[in-house]
Structure formats: C-alpha cells, structure tokens
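Okay, structure first, notes after.
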2 protein chains.
Amino acid sequence: MELVRIQSRNNEAVKTFCKLSESRKARRESGRFTLEGLRLCADCAQSGFTVETLFLTEAAKEKGGERVETLLSSAKTAYCISESVAEKLSDTVTTQGVFSIVQMPENTEFSVKKGGRYLALEQVQNPQNLGAAARTAEALGIAGLIVSGGCDRFNPKALRASMGSLLRLPVMQVEDLASWLKAQNETILTLATVPDMRATSICTLDFSGGAIAVVGNEGNGVSEAVLSAVRERVTIPMRGAAESLNASAAATITMWEMMR
Amino acid sequence: MELVRIQSRNNEAVKTFCKLSESRKARRESGRFTLEGLRLCADCAQSGFTVETLFLTEAAKEKGGERVETLLSSAKTAYCISESVAEKLSDTVTTQGVFSIVQMPENTEFSVKKGGRYLALEQVQNPQNLGAAARTAEALGIAGLIVSGGCDRFNPKALRASMGSLLRLPVMQVEDLASWLKAQNETILTLATVPDMRATSICTLDFSGGAIAVVGNEGNGVSEAVLSAVRERVTIPMRGAAESLNASAAATITMWEMMR
C-alpha cells in the first residue's frame, strides 16, 4: 500500500496531532486523542476504537508485522512520516515511529453496581499516577475508575503509563464528584482515604457489599466537599517516618484491600 | 558570605557533577553522588552526610532561608553558579538552583534481624520504581532495603523519586543476591514474588517471624538463581485481565502484606 508522505514538521495533520497531545481542552473540544507506540495503537484499534489518522515511519512500515497490518487496515487515513516528523510527534526518548489520532468513545458513563469495587481519583495531577492506578486496577479486577479533575483519561502520558488499561477499563469522568458520590450512598459504601491515624483503618472495613474508594490529590489529598459526601473516612495505617504514602501507593493499597 | 562564582558550563566542578549524575561507574569509583533540590540537599546534610560541594544560583542564595543556611554551613566548598550552569546541572524542568556533591557513607551493610521485614529489589532498572519503593518502605516502616543490580541507590532520579527515603532508610547493595539470601535462610523467612497463580498466595503467609521479600526486574521478574535460593515462591492473587502488576505495585502490595 502506498501511503501519502509527510516530510514537513508544519504539516496540518502533524500540527493537529501535537495540539491534541498537549492540550486537554483541544482533546475535549474535538472529541479525539492521540496515542504513541505500536502496541498501544494496535490494542486500541482492536478494542473497537476508531483510528482516524495513522502516522508510520518508513522503518516502522517496513518492519511490518501483524500489528502494523491491523493498524493499516483499520485506520481511516494513514501517512508515511519522515524521522524528523516522528521526532516532533514523539514524547519518548526512542520512538517506535507509530502514532495515531483516535476518536473518543461516545458514551463512557456506567452505573455503579452493588458489590462492585470502584476507585475514584480526585484531582490527581500526575499522569504517571493516573496511568499506574489504572494498570493496577485492571490487574486486580477493579470494576471501574472514576476520574474527577486533574489529569484526564486521554492524557498521552497517562495512557502510556497505563499500558492501555485506561482504554480497556470502564473509566468515567465526573465533574462534581461530591454530588455524584452522595447519589451513590444508597447503593454502595463510599469512602475517602485520609492520612489521619484517628480515621477507620482500611483493614477493618467490610467490602463485601462493594465500595467506591476516593484517593485524593498528590499534595492536598481529598477535598472537604468529598470528605463530607462519603460515608467513611479511612486511613492506611503506617508505622514509618515518611510524611505519607504517595498517591500511587495509596491507590494501590486501597484497591488491594478492597479486592483482598 | 562571598562565594566563588562559576559562569562556565565547562568548569571542572560542573563537569564532575555531570559525570557523577550520569554514570553509576563514576559514582562507585569516586565514592560520591549528586543531589538536586533544596530540601533533598538540606535533608542530606542534616542526616549526617558530608556535603563536599554545594552549587547555588544567585536567586537560590538570595532567597535564603533555614535550609540554605544549613547547607552553606555544612558544605566543604560552595559555589555561586549562573542560571546557564544551573540548567546544565539540572535534571528537572524548572530547577530550584540548588545542587550538591555528597560523599557516600562508608559502610552501609546491616544485619538482618529476626522479626524484621525487608524488601529486596533484584535488577529493578527504573529509577522511579526504586525511588517509589523506598518511599513506600519508609512510610510503612520496612526495616531495610536490599538492592541487587539494576538501578543503584545513588541514582539521582531514584533519590528524587524517593523524596530522600533512600538516604534515611537502611539500604544495602548486594552483589550476589542468591548467595546472600541462602545465608539468611536460617534467620528469617525468605520469599520471592512470582506471577504464577499456583504459587502460595501472599495473603496466607505468616510474617510474624519477619521476612525478606524479593521483587524482580520489570520485564523478567525474579531470576532462577534467586528463586532457587528462597524458601517460598509467593504470588499476589489477581482477578483482572492485565498481564501482571508492575514492579512498583508488586513491591507496594508485598510490603503492605508484610506489615499489615
């Protein structure tokens, strides 16, 4: 298959890719996001997402393989890009030369089910933390992820850190987390983790009816509004000297205790 | 206090800093390592490490404060560096303009004590994973960390990710982990985590006599040699679809279960 070539770093499709990678607002407004990496792009196409634009370097195309075939057959438009363009698109040190622009799924809302265990992240800023939490959530079998503020689920660094888990897990963005949690209180146990040794220990809770656990922002923790909305304030008992667990470790332990 | 000024990015002290930051071999041979950031540098000086060389930008010196005073009074040599030099030394996007070259402690070996809980990392390559594991270890009250191969404990990225925990925790580098573990088997339970659902569940182990838990390399897990050396092969039960937990999440859950 002959692909249209892009040599210029100022090509319109290249500019669109960069804008979508950098700006959450641009992603939200256009309903599209970007991916980098052969596996991530191919997984995404196979999971039923619509790959709008595919960018491949000559080397990546030559190397070929099953994943490249999948991508070429599913992408609406495909370009062959120069190494210089690949460098511009890439967010990594050594790029594989595979990039795509993908349409966001139309409706990602899900209903919380009795007995399910869910993780909600409030204003978590670091894409690595969001990505790592999603990967662990998928591994442990968490039923769904709720993201409120902070880094969005289509942040390219978060997507990469999640190894694609953010595309496979049920993930819902919720604007007003406190109100949303209040509405869940009739169905399921809601709780927020706090670094306060007087709060209920996470080890003593009964998760058999399911739960939604909130982990808060890296610096400020869970907001007052959310603390007032949940039924339980819960703490992870610590014996050590560090100020507190980081958001990612707190999320890991919280999910583990819910699933244990 | 008037400090000697450095304007040139080719200054010898600047070159030494960069070499020590980049090369594990250079660190090992000279017995020195580097730190970036006001808090990390000041914590280190207060923890009794010898700060050999301090680099401060004019702005950092002007801003002053207790930590800068601590650093200036404890450093053997201090330089005032230009912003351009600070950029060269820095590994961060926005630098605070505070850097130091520090002597490694002479003897970091410790003896494993009955009842203690220890984490050993085998060939963990990613400095973020080593740093995060150390931070969680300190928070949860792990007695000591054993690092064998992979990223070394004085890697600047690992030190920063650990928020200084790598300087405060007992940390020992062990060359031949398998032999070392065999020698501990009389004192304490030794175990390695494996992604094998037929192995013993980590939830069923009795940690009351203490334990040394090994978490392996990000891609390949724990080596055959170490698997033969430990008393138990242990798994973290997973219900989900992802291939496995990443090294950092596995380390977090393992430490949590030991301390729970």
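Inside the range A:113-141, can you point out the residues that are among the hydrophobic types (A, V, I, L, M, F, W, C) and on the phi > 0 side of the Ramachandran plot? Break it down stepwise before answering.
Here is the first cut: in the range A:113-141, the ones among the hydrophobic types (A, V, I, L, M, F, W, C) are A:119-121, A:124, A:130, A:132-134, A:137, A:139-140.
Residues satisfying the conditions do not exist here.
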B:T53 vs. criteria at negative phi and assigned to a strand (DSSP E or B): yes
Tell me whether the range A:117-125 contains one or more residues that are among the β-branched types (V, I, T), outside any helix (DSSP H, G or I), touching a residue at least 60 places away in the same chain (Cβ under 8 Å) and open to solvent by 20 Å² or more (accessible area, probe 1.4 Å). no
Residues of the range A:127-149 being touching a helix residue (DSSP H, G or I) at 6+ places or on another chain (Cβ under 7 Å) and either of a type in the set (G, A, S) or in a loop (DSSP other than H, G, I, E, B) (or both), in sequence order, are A:G131, A:A132, A:A133, A:A134, A:A137, A:G141, A:I142, A:S148
Criterion: open to solvent by 30 Å² or more (accessible area, probe 1.4 Å) and at pLDDT 95 or above - qualifying residue of B:E218, B:E224: B:E224
Report yes if some residue within the range B:17-24 is open to solvent by 100 Å² or more (accessible area, probe 1.4 Å) and among the charged types (D, E, K, R); otherwise report no. yes
If a residue must be surrounded by fewer than 24 Cβ atoms within 10 Å (Cβ to Cβ) and either outside any helix (DSSP H, G or I) or small (G, A, S) (or both), how many such residues does the range B:237-260 contain? 10
Residues in the range B:153-171 that are in contact with a Gly (Cβ under 6 Å, 6 or more places away or on another chain), open to solvent by less than 20 Å² (accessible area, probe 1.4 Å) and at the interface with another protein chain (Cβ under 10 Å from one of its Cβ atoms): how many? 1
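Do you know which residues across the range A:152-197 are of a type in the set (S, T, Y) and in contact with a strand residue (DSSP E or B) (Cβ under 7 Å, 6 or more places away or on another chain)? Walk me through how you get there before you give the answer.
Narrowing the range A:152-197 to residues of a type in the set (S, T, Y): A:162, A:165, A:179, A:187, A:190, A:193.
Once the filter is applied, which keeps residues that are of a type in the set (S, T, Y) and in contact with a strand residue (DSSP E or B) (Cβ under 7 Å, 6 or more places away or on another chain), the range A:152-197 yields A:T190, A:T193.
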Looking at the range A:132-152 only, could you name the residues that are crowded, with 24+ Cβ neighbours inside 10 Å and away from every other protein chain (no Cβ under 14 Å)? A:V147
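Out of A:V51, A:V14, A:V102, A:V4, report the one residue that is among the hydrophobic types (A, V, I, L, M, F, W, C) and surrounded by fewer than 19 Cβ atoms within 10 Å (Cβ to Cβ). Walk me through it before giving the result.
Details: A:V51 fails: surrounded by fewer than 19 Cβ atoms within 10 Å (Cβ to Cβ); A:V14 fails: surrounded by fewer than 19 Cβ atoms within 10 Å (Cβ to Cβ); A:V102 fails: surrounded by fewer than 19 Cβ atoms within 10 Å (Cβ to Cβ).
Exactly one residue qualifies, and that residue is A:V4.
Taking the conditions exactly as written (assigned to a strand (DSSP E or B) and either touching a Pro at 6+ places or on another chain (Cβ under 6 Å) or in contact (Cβ under 8 Å) with a residue 24 or more places away in the chain (or both)), does A:M172 satisfy them or not?
On the way: assigned to a strand (DSSP E or B): yes; either touching a Pro at 6+ places or on another chain (Cβ under 6 Å) or in contact (Cβ under 8 Å) with a residue 24 or more places away in the chain (or both): yes.
Here the answer is yes, as A:M172 does meet what is asked.
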For the range B:66-76, indicate whether the set of residues that are touching a residue at least 40 places away in the same chain (Cβ under 8 Å), surrounded by 14 or more Cβ atoms within 10 Å (Cβ to Cβ), out of contact with any His (no Cβ under 8 Å at 6 or more places or on another chain) and farther than 30 Å from B:S148 by Cα is non-empty. yes
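Across the range B:222-246, which residue is nearest to B:G150 (Cα to Cα) among those that are hydrophobic (A, V, I, L, M, F, W, C) and either touching a Pro at 6+ places or on another chain (Cβ under 6 Å) or more than 11 Å from chain A (Cβ to nearest Cβ) (or both)?
Of all residues in the range B:222-246, those hydrophobic (A, V, I, L, M, F, W, C) come to B:222, B:225-227, B:229-230, B:234, B:236, B:238, B:241-242, B:245.
Those left that are additionally either touching a Pro at 6+ places or on another chain (Cβ under 6 Å) or more than 11 Å from chain A (Cβ to nearest Cβ) (or both): B:222, B:225-227, B:229-230, B:234.
Details: B:V222: 12, B:A225: 16, B:V226: 15, B:L227: 18, B:A229: 19, B:V230: 20, B:V234: 22 Å.
If we take residues in the range B:222-246 being hydrophobic (A, V, I, L, M, F, W, C) and either touching a Pro at 6+ places or on another chain (Cβ under 6 Å) or more than 11 Å from chain A (Cβ to nearest Cβ) (or both), then B:V222 is nearest to B:G150 (Cα to Cα).
If you go through the range B:178-221 one residue at a time, how many are in a strand (DSSP E or B), within 19 Å of B:Q125 (Cα to Cα), more than 14 Å from chain A (Cβ to nearest Cβ) and of a type in the set (A, V, I, L, M, F, W, C)? Reasoning before the result, please.
At the first step, the residues of the range B:178-221 found to be in a strand (DSSP E or B) are B:189-193, B:200-201, B:211-215, B:217, B:221.
Next, only the ones that are within 19 Å of B:Q125 (Cα to Cα) stay: B:192-193, B:213-215, B:217, B:221.
Then drop every residue that is not more than 14 Å from chain A (Cβ to nearest Cβ), which leaves B:192, B:213-214, B:217, B:221.
Within this subset, residues satisfying the condition of being of a type in the set (A, V, I, L, M, F, W, C) are B:192, B:213-214.
Qualifying residue count for the region: 3.
Tell me which residues, restricted to the range A:1-27, are assigned to a loop (DSSP other than H, G, I, E, B) and more than 27 Å from A:G64 (Cα to Cα). Talk me through it step by step, then tell me what you get.
Let us first name the residues in the range A:1-27 that are assigned to a loop (DSSP other than H, G, I, E, B), namely A:1-3, A:7-11, A:23.
Listed by number, the list holds a single entry, A:S23.
A:K88: open to solvent by 30 Å² or more (accessible area, probe 1.4 Å), more than 19 Å from A:S165 (Cα to Cα), part of a loop (DSSP other than H, G, I, E, B) and touching a residue at least 60 places away in the same chain (Cβ under 8 Å), yes or no?
On the way: open to solvent by 30 Å² or more (accessible area, probe 1.4 Å): yes; more than 19 Å from A:S165 (Cα to Cα): yes; part of a loop (DSSP other than H, G, I, E, B): no; touching a residue at least 60 places away in the same chain (Cβ under 8 Å): yes.
No.
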Among the residues in the range B:185-207, are any touching a helix residue (DSSP H, G or I) at 6+ places or on another chain (Cβ under 8 Å), small (G, A, S) and either surrounded by fewer than 20 Cβ atoms within 10 Å (Cβ to Cβ) or closer than 24 Å to A:A133 by Cβ (or both)? no
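The values are calculated or read from the model by the stated rules, or taken from the named source; none is laboratory data. Just so it is clear, the structure is predicted and the values come from calculations on it, not from any experiment. Positions of Cβ are generated from backbone atoms using ideal geometry, with glycine treated the same way; all protein chains shown enter the neighbour counts. Side chains included, ligands, DNA and RNA excluded: accessible areas come from the protein's heavy atoms. Shrake-Rupley method; radii C 1.70, N 1.55, O 1.52, S 1.80 Å.
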